[in-house]
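The values are calculated or read from the model by the stated rules, or taken from the named source; none is laboratory data. None of the values given here were measured: they were computed from a predicted structure. Please note: Cβ atoms are built from the backbone with ideal geometry, for glycine as well, and neighbour counts cover all protein chains shown.
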Amino acid sequence: MSTKELSRLEVMQRLEDKRMSQKEAADILGLSVRHVKRLLKAYRRDGAKGLVSKRRGRPSNNRLAEETQQKVLGLLKSKYSGFRPTLAHEKMIELDGLKISDESVRRVMMAEGLWKAKKARKVAVHQMRERRACFGELVQIDGSPHDWFEGRAPACDLLVFIDDATGRLVHLLFVESESFFGYCRAAQGYFTRYGKPGAFYSDKHGIFRVNQASAGQESGLTQFGRAMQVLDIQIICANTPQAKGRVERAIQTLQDRLPKELRLRGISSWEAGNAYLPEFTADFNQRFAVPPRSTHDAHRPLTTRDNLAHILTWQETRILSKNLTLQFNKIVYQIQTKRPTYTMRHAAVTVCLDAQNNVTLFYKGKPLNYTIFHQQAKQAEIVPAKQIDFALQNQRKAHKPAPDHSWRKGFATPLSQSRDVPPRGDISTLEIR
């Protein structure tokens, strides 16, 4: 007998001994007086055996049909291979029209060894921070390197912009790497749709914060920080990943759901992935976003002074030499001007580099004509820790052997040559007798 049935047995014994009324027994067992009478009648007729459930050992009337179970199992092993229970349940309802609960899907997966319940970890206590009140008041940003296309496309990063007040994804973008120009491209798409937010909340990546005093400019701002200062957008850096937990948890959800959505749609390129992201974002927000406490939209519209094409460029200041030359990225630029050269000697010129590697020189807000005077040989570059994989990948792509390189001529082997004729080429083979 179960614990519940043992409790009923004890109550029935008290009723039989007239030590308790039926009303008191009903209150103790949480049953009606009428059902207590039924139990007492069964106890008097069959004893303790009458209190045991008659359905024990029989299959449930609400059990999953064998046909449905086999269909679910077939989908899990083929179409939805690698899916987790919740996402697999959603897709079976949306795409396959199955009427099944998420717990039934989870039980099938656990029975077949496709899913293993995780042990509850010891919860780390962190100070709770209430959501901001207004949409656009604070936007958390971060990048995630991940195999988003499951090997069907080169590795890339996903830049994630999520609103703190609502948990809405406001912008997603696949980029080659987490870089200044990548964030500028994502920010430009976000500004164009929503406007300028109150502040960005990020980690301590070198794109947002000068981590070494010698590595920054005199202003103490990074290039992205300088651009956001011009747009009057504050950048706040979190001290720990838990502090910006909203975007961290969103990325974990994206790493689980987005690759599988891309797989179901047969998307195998960054361009097609970026074209699909607005549709995915709308579905994600419908499922997980919450309404803000305030209906006020804290975004500010772009003005005519907010020239994003100019602001979101890499900008550095150079001092012209006596010959009106300057050096930038190992290239010497010669200024072309019709005015007397002495008027621009030692003048401060702003060098602007866009994402397409186009260089524009500005003097007092006006562009200058120039020619390339000299380009230095390539030297060792300083690469941040997060960019090492990307730099090595580009280096392998950049190095291509010349058409007449010995690697392209092939190698001499013992099977391709006669024993009496010495091998040709730079590498000789030694015959062992």
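Output the residue which, of all residues in the stretch 325-364 that are within 39 Å of the chain's Cα centre (by Cα), without any contact (Cβ under 8 Å) to a residue 24 or more places away in the chain and assigned to a loop (DSSP other than H, G, I, E, B), is surrounded by the fewest Cβ atoms within 10 Å (Cβ to Cβ).
Gln356
Can you tell me which residues in the stretch 273-288 are crowded, with 16+ Cβ neighbours inside 10 Å and among the hydrophobic types (A, V, I, L, M, F, W, C)?
Matches in the stretch 273-288: Leu277, Phe280, Phe284.
When you look at Ile319, is it more than 23 Å from Ala186 (Cα to Cα) and surrounded by 14 or more Cβ atoms within 10 Å (Cβ to Cβ), yes or no?
Values: more than 23 Å from Ala186 (Cα to Cα): yes; surrounded by 14 or more Cβ atoms within 10 Å (Cβ to Cβ): no.
Spelling it out, it is not the case that Ile319 is more than 23 Å from Ala186 (Cα to Cα) and surrounded by 14 or more Cβ atoms within 10 Å (Cβ to Cβ).
Under the condition of being surrounded by 20 or more Cβ atoms within 10 Å (Cβ to Cβ), of a type outside the set (A, V, I, L, M) and part of a loop (DSSP other than H, G, I, E, B), which residue from the stretch 144-166 is nearest to the chain's Cα centre (by Cα)?
Trp148
Are any residues in the stretch 301-343 more than 30 Å from Ile233 (Cβ to Cβ) and hydroxyl-bearing (Ser, Thr, Tyr), and if so, which ones?
Result: Ser321, Thr325, Tyr333, Thr337, Thr341, Tyr342, Thr343.
Just to be sure, is Leu39 under 29 Å from Arg263 (Cβ atoms) and either touching a helix residue (DSSP H, G or I) at 6+ places or on another chain (Cβ under 7 Å) or not in a loop (DSSP other than H, G, I, E, B) (or both)? Before the answer, list the steps.
Values: under 29 Å from Arg263 (Cβ atoms): no; either touching a helix residue (DSSP H, G or I) at 6+ places or on another chain (Cβ under 7 Å) or not in a loop (DSSP other than H, G, I, E, B) (or both): yes.
The answer is no for Leu39.
State the number of residues belonging to the stretch 128-150 that are modelled with pLDDT of 90 or more and over 21 Å from Gly206 (Cα atoms).
First pass over the stretch 128-150, keeping only residues modelled with pLDDT of 90 or more: 131-150.
Subsequent filtering for residues that are over 21 Å from Gly206 (Cα atoms) retains 131-137, 147-150.
Qualifying residue count for the region: 11.
Of all residues in the stretch 263-285, which are farther than 17 Å from Leu158 by Cβ and either touching a helix residue (DSSP H, G or I) at 6+ places or on another chain (Cβ under 8 Å) or outside the structural domain of Ala155 (by TED's automatic domain parsing) (or both)?
Leu264
What number of residues within the stretch 141-184 satisfy the criterion of being basic (Lys, Arg) and under 24 Å from Val210 (Cα atoms)? Before you say what the answer is, go through the steps one by one.
So in the stretch 141-184, the residues basic (Lys, Arg) come out as 152, 168.
Still in the running and under 24 Å from Val210 (Cα atoms): none.
So the count comes out to 0.
Quick one: in the stretch 269-288, which of the residues that are closer than 18 Å to Phe149 by Cα and charged (D, E, K, R) is modelled with the highest pLDDT? Explain how you work it out, then say what you get.
The first filter runs over the stretch 269-288 and keeps only residues closer than 18 Å to Phe149 by Cα, leaving 269-281.
Still in the list and also charged (D, E, K, R): 271, 279.
On the way: Glu271: 92, Glu279: 95.
Going through the qualifying residues, I end up with Glu279.
Determine the pairs where a residue that is under 12 Å from Thr313 (Cα atoms), located within the stretch 225-241, has a partner that is of a type in the set (A, V, I, L, M, F, W, C) and assigned to a loop (DSSP other than H, G, I, E, B) with Cβ atoms under 6 Å apart, the partner being 6 or more residues away or on another chain.
Taking only residues 6 or more apart or on different chains, the pairs are Ala227/Leu312.
Among the numbered criteria (1) touching a helix residue (DSSP H, G or I) at 6+ places or on another chain (Cβ under 9 Å); (2) touching a residue at least 12 places away in the same chain (Cβ under 8 Å), which single criterion is violated by Lys77?
In the conditions (1) touching a helix residue (DSSP H, G or I) at 6+ places or on another chain (Cβ under 9 Å); (2) touching a residue at least 12 places away in the same chain (Cβ under 8 Å), Lys77 misses (1) alone.
Among the residues of the stretch 229-272, how many are of a type in the set (Gly, Ala, Ser) and buried (at least 17 other Cβ atoms within 10 Å of the Cβ)?
Filtering the stretch 229-272 down to residues of a type in the set (Gly, Ala, Ser) leaves 238, 243, 245, 250, 266, 268-269, 272.
Narrowing the set further to residues that are buried (at least 17 other Cβ atoms within 10 Å of the Cβ) leaves 238, 243, 250.
Going through the stretch 229-272 one residue at a time, the tally reaches 3.
Being closer than 14 Å to Met1 by Cα and out of contact with any Leu (no Cβ under 6 Å at 6 or more places or on another chain) narrows it down to one residue among Arg45, Arg56; which is it?
Details: Arg45 fails: closer than 14 Å to Met1 by Cα.
The unique qualifying residue is Arg56.
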